[in-house]
Amino acid sequence: MSSFTTTDGVELYFKDWGSGQPVVFSHGWPLCSDSWEAQMFFLASNGYRAIGHDRRGHGRSSQPWDGNDMDHYADDLAQLIEHLDLKDAVLIGFSTGGGEVARYIGRHGTARVAKAVLVSAVPPLMLKTDTNPGGLPLEVFDGIRAGSLADRSKLYQDVASGPFFGFNRPGAVASQGMIDSFWLQGMMGGHKKHLRQHQSLLGNRFPRGFEEV
């Protein structure tokens, strides 16, 4: 298993496939690098070096009690890039991973980066406000975080079988395999880490009724 230890003692798991220009994948909540395997396999089979890591608190990486925020995620990504001495890298981030990529560039610059791709990413703002009417209402986030505290296993099943893959759209045919994979990746991660990730995206706001957590 490939891994390295960050400066604050967190062990991060990563996959490093193929050779050529590096393409680095940052996954979404509550997943791990396994969610990118189809894309990584394709690129590694076609002349690229495909790299994916499990974010701290997710997958096979350490589950520290503290440091579950975007600054730490970005710094972890920077240390991975430096550990592998990547140059001219393409950074691809989905959902929370998009925030990780954007924060990495903001904190560490673009000296090692050729391109950045944000896919359905959290930046610049997910929350619905007067100036961001296309965002999601706070009640949606409160419901997800409350569901995580009540029964996160069921929450992952519900999210995967509905909106995450678009299986709730008319005519869509759900894949039980994809639902099971989402659930397994979610359950591999730490409970607090997945909960805090939503809180960090909204200024560390706690779901209503759970302020003491």
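Bridges between two residues of the chain, per DSSP, are antiparallel at a rate of about 35%. Within the shell defined by Cβ-Cβ distances under 14 Å, the residues around His58 carry a net charge of +2, with Lys and Arg each +1 and Asp and Glu each -1. For Rg and Dmax of the Cα atoms in Å, the value computed from the atomic coordinates appears in the list [x] 18.7, 56; [y] 19.0, 60; [z] 17.0, 51 under label [z]. Backbone N atoms of region 1-35 closer than 17 Å to the 7 Å Cα→Cβ label point of Val140 belong to residues 28-30.
Can you tell me the FRET efficiency between Ala172 and Lys128 if r is taken as the Cβ-Cβ distance and R0 is 22 Å, rounded to the nearest 0.05?
0.30
What does the charge count around Pro22 come to, taking other residues whose C-beta lies under 15 Å from its C-beta (Lys +1, Arg +1, Asp -1, Glu -1)? With Lys, Arg at +1 and Asp, Glu at -1, the net is +1.
Roughly speaking, what is the stretch gain from Ser120 to Gln157, that is 0.36 nm per residue apart minus the C-alpha to C-alpha distance, in nm to one decimal?
11.3 nm
Assigning unit charges at the beta carbon (Lys, Arg +1; Asp, Glu -1) and nothing else, what dipole magnitude in debye, to the nearest 20, does region 138-201 show about its Cα centre?
It comes to approximately 220 debye.
Placing a pseudo-label 7 Å from each Cα along the Cα-to-Cβ vector at Asp8 and Gln39 gives an inter-label distance of 2.6 nm. Fully extending the segment from Ser19 to Asp66, taken as 0.36 nm per residue of separation minus the present Cα-Cα distance, adds 13.4 nm.
The numbers here are math on the coordinates, done by the rules we state, and not lab data. None of the values given here were measured: they were computed from a predicted structure. No Cβ is skipped: glycine too gets one built from the backbone with ideal geometry, and neighbour counts run over all protein chains shown.
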